[in-house]
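A.B. asks: One structure is given below, represented as structure tokens, and several questions about it will come after.
The values are calculated or read from the model by the stated rules, or taken from the named source; none is laboratory data. Everything numeric in this text was worked out from a predicted model, so none of it was measured. For neighbour counting, all protein chains shown are included, and Cβ atoms are generated from backbone atoms with ideal geometry for every residue, glycine included. Heads up: the accessible areas ignore ligands, DNA and RNA and are worked out on the full protein's heavy atoms, side chains in. Shrake-Rupley method; radii C 1.70, N 1.55, O 1.52, S 1.80 Å.
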Amino acid sequence: MTDHTQQFASDNYSGICPEVWAAMAEANRGHERAYGEDSWTARAADRFRQLFETDCEVFFAFNGTAANSLALASLCQSYHSVICSETAHVETDECGAPEFFSNGSKLLTARTLGGKLTAETIREVALKRQDIHYPKPRVVTLTQATEVGTVYRPEEVAAISQVCKELKLNLHMDGARFSNACAFLGCSPAELTWKAGVDVLCFGGTKNGMAVGEAILFFNKDLAEDFDYRCKQAGQLASKMRYLSAPWVGLLQDDAWLRYANHANRCARLLAELVADVPGVSLMFPVEANGVFLQLSETAIERLRAWGWRFYTFIGAGGARFMCSWDTEEARVRELAADIRKAMV
């Protein structure tokens, strides 16, 4: 295997989808105004408003860490706290960025069920202490799909939103794989966000066919006050913004975002089906998005890596994560499944 061989360690390994590439090429013709004043940025924002069926505020950032951290910082003061899953990306993989950009808002982790927060666990953390010596809970952040590949249903989001309203908490959604969640559920983006009570969504593009770039959507427009200044201060205001926004025009056109997410999800289900009868292999979590979490023997993991396969093993002893992408080939999935079967013998 070469470094160019399709791998399953991350959907970040994939390239740029044709629709995004074409939009960037078209945006590269001639001159456009800078700093988001261009026609492409306006078109992309309008596409999001059409897709989500509401007049939301739309901003663009280079990556998910910036999008999440700046969004959360806009919802908090330094003496506030953010309730998140114990495995949330903002907690485990963003190097303290949410705390940094909020000048110290503390992350409070809550227990999860199948990787998902519940109204009960949120209430448990939010009401644990209410004295002035403890950071005041202000925001709940959900990851959709979760870090273990499970998906929040609209009714689950709505139940969490209800608790947030009762406790005067804002609701943020980290949608790095939001496309995959929509594809799995077959519901509209609106049903999964603002109609269920989400205030702010960070919509991921990088993992679904874009080179770089995330969109931050404020459904509660009052919360977006001065967010453009926050982006500028954090180095997220691109001078040639059209190269962050034009890819979204390509990805959102003709539902390419949903088509590719559906493909990645199908490949994940195929992998799970192909290894379901392998002795010693078991699913750690339901396959609902584009990730497959398998319990393998340590020997099998070593063999697979020796044979050139790349994947992550941060779930625990014998736990392995395999991610499918917008461009994953079915033949490659079958090759991986065959090697997993062989490695377990």
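A.B. asks: On full extension of the chain, what length is gained from residue 111 through residue 50, given 0.36 nm per residue of separation minus the C-alpha to C-alpha distance?
C.D. replies: Numbers: separation 61, 0.36 × 61 = 21.96 nm, distance 3.57 nm.
Here the segment from residue 111 to residue 50 would lengthen by 18.4 nm.
A.B. asks: Let me ask something else. Is there a quick way to get the dipole size of the stretch 16-250? I mean about its Cα centre, with the Cβ of Lys and Arg at +1 and of Asp and Glu at -1; what is the value in debye to the nearest 20?
C.D. replies: Working: 24 positive and 29 negative charges, 26 e Å.
About 120 debye.
A.B. asks: Further question on the same structure: In the chain, with Lys and Arg counted as +1 and Asp and Glu as -1 at Cβ, which of these residues, 205, 8, 246, has the Cα nearest the positive end of the dipole, that is, farthest along it?
C.D. replies: 8
A.B. asks: First measure r as the distance between the Cβ atoms of residue 339 and residue 259, then evaluate 1/(1 + (r/R0)^6) with R0 = 22 Å and state the FRET efficiency to the nearest 0.05. If you can, show how the numbers build up before the last one.
C.D. replies: Numbers: r = 28 Å, r/R0 = 1.29.
For residue 339 and residue 259, the calculated efficiency is 0.20.
A.B. asks: Could you give the accessible area per residue of the stretch 255-342, probe 1.4 Å, as a whole number in Å²? List each step's numbers first, then the result.
C.D. replies: Working: 3860 Å² over 88 residues.
Here the per-residue accessible area is 44 Å².
A.B. asks: Semi-axes of the stretch 11-148's equivalent ellipsoid from the Cα gyration tensor, sqrt of 5 times each eigenvalue, largest first, rounded to whole Å?
C.D. replies: On the way: eigenvalues 243, 63, 41 Å².
Semi-axes, largest first: 35, 18, 14 Å.
A.B. asks: Would you work out if the stretch 201-254 is rounded, prolate or oblate? Take a ≥ b ≥ c from the square roots of the eigenvalues of the alpha-carbon gyration tensor; rounded if a/c is under 1.5, else prolate when a/b is larger than b/c, oblate otherwise. List each step's numbers first, then the result.
C.D. replies: Details: a/c = 2.21, a/b = 1.41, b/c = 1.56.
Here the stretch 201-254 falls in the oblate category.
A.B. asks: Continuing with this model, one more query. Per residue, how big is the convex hull around the C-alpha atoms of the stretch 259-298? Give it to me in cubic angstrom, could you?
C.D. replies: 56
A.B. asks: Something else now. Stretched out fully, how many nm does the piece from residue 13 to residue 297 gain, at 0.36 nm a residue minus the Cα gap? Present the calculation step by step, with values, prior to reporting the outcome.
C.D. replies: Numbers: separation 284, 0.36 × 284 = 102.24 nm, distance 2.51 nm.
Result: 99.7 nm gained on full extension.
A.B. asks: Mind checking which of 112, 206, 193 has the largest fluctuation in a GNM of the chain, springs on alpha carbons under 10 Å?
C.D. replies: Of the options given, 112 has the highest mean-square fluctuation.
A.B. asks: Take each uninterrupted DSSP H stretch in the chain, measure its Cα extent along the helix axis, and return the ones at 24 Å or beyond whose mean Kyte-Doolittle hydropathy is at least -1.0. List each step's numbers first, then the result.
C.D. replies: Working: long enough: 256-274 (27 Å, -0.14).
Membrane-span-like by this rule: 256-274.
A.B. asks: Determine the share of the chain's accessible area contributed by carbon and sulfur atoms, expressed in whole percent, with a 1.4 angstrom probe.
C.D. replies: Details: 7480 of 15190 Å².
Carbon plus sulfur share of accessible area: 49 percent.
A.B. asks: Cα convex hull of the stretch 109-220: mean projected area in nm², to one decimal? Please report the intermediate quantities before stating the final value.
C.D. replies: Working: hull surface 29.2 nm².
Averaged projected hull area, Cα only: 7.3 nm².
A.B. asks: If the stretch 255-342 were replaced by its equivalent ellipsoid, with semi-axes equal to the square roots of 5 times the Cα gyration tensor eigenvalues, what would those be, largest first, whole Å? List each step's numbers first, then the result.
C.D. replies: Details: eigenvalues 98, 35, 28 Å².
Taking √(5λ) for each eigenvalue gives 22, 13, 12 Å, largest first.
A.B. asks: Can you give me the distance in nm between label points at residue 95 and residue 28, each placed 7 Å from the Cα along the Cα-to-Cβ direction?
C.D. replies: Once both label points are built, they end up 2.9 nm from each other.
A.B. asks: Separate question: List the pairs from 106/128; 195/232; 165/232; 116/165; 116/195 whose alpha-carbon separation is above 26 Å, in the order I gave them.
C.D. replies: Values: 106/128 15 Å; 195/232 30 Å; 165/232 31 Å; 116/165 19 Å; 116/195 19 Å.
Among 106/128; 195/232; 165/232; 116/165; 116/195, the Cα-Cα distance tops 26 Å for 195/232; 165/232.
A.B. asks: Now for a different question. Among rounded, prolate and oblate, which fits the stretch 141-282 when a ≥ b ≥ c are the square roots of the eigenvalues of its C-alpha gyration tensor, a/c under 1.5 means rounded, and a/b larger than b/c means prolate? Walk me through the intermediate numbers first.
C.D. replies: Details: a/c = 2.19, a/b = 1.31, b/c = 1.67.
Cα axes put the stretch 141-282 in the oblate bin.
A.B. asks: For residue 79 and residue 167 in the same chain, what is the full-extension length gain: residue separation times 0.36 nm, less their Cα-Cα distance, in nm?
C.D. replies: Stretched out fully, the residue 79 to residue 167 stretch lengthens by 30.0 nm.
A.B. asks: For the chain, what is the relative contact order in percent, using Cα pairs closer than 8 Å and at least 6 residues apart in sequence?
C.D. replies: Working: 691 pairs, mean separation 81.5, N = 345.
Relative contact order here is 24 percent.
A.B. asks: Given a 1.4 Å probe, how much area per residue of the stretch 155-244 is accessible, in Å²? Please report the intermediate quantities before stating the final value.
C.D. replies: Values: 3400 Å² over 90 residues.
Roughly 38 Å² per residue, with all protein chains present.
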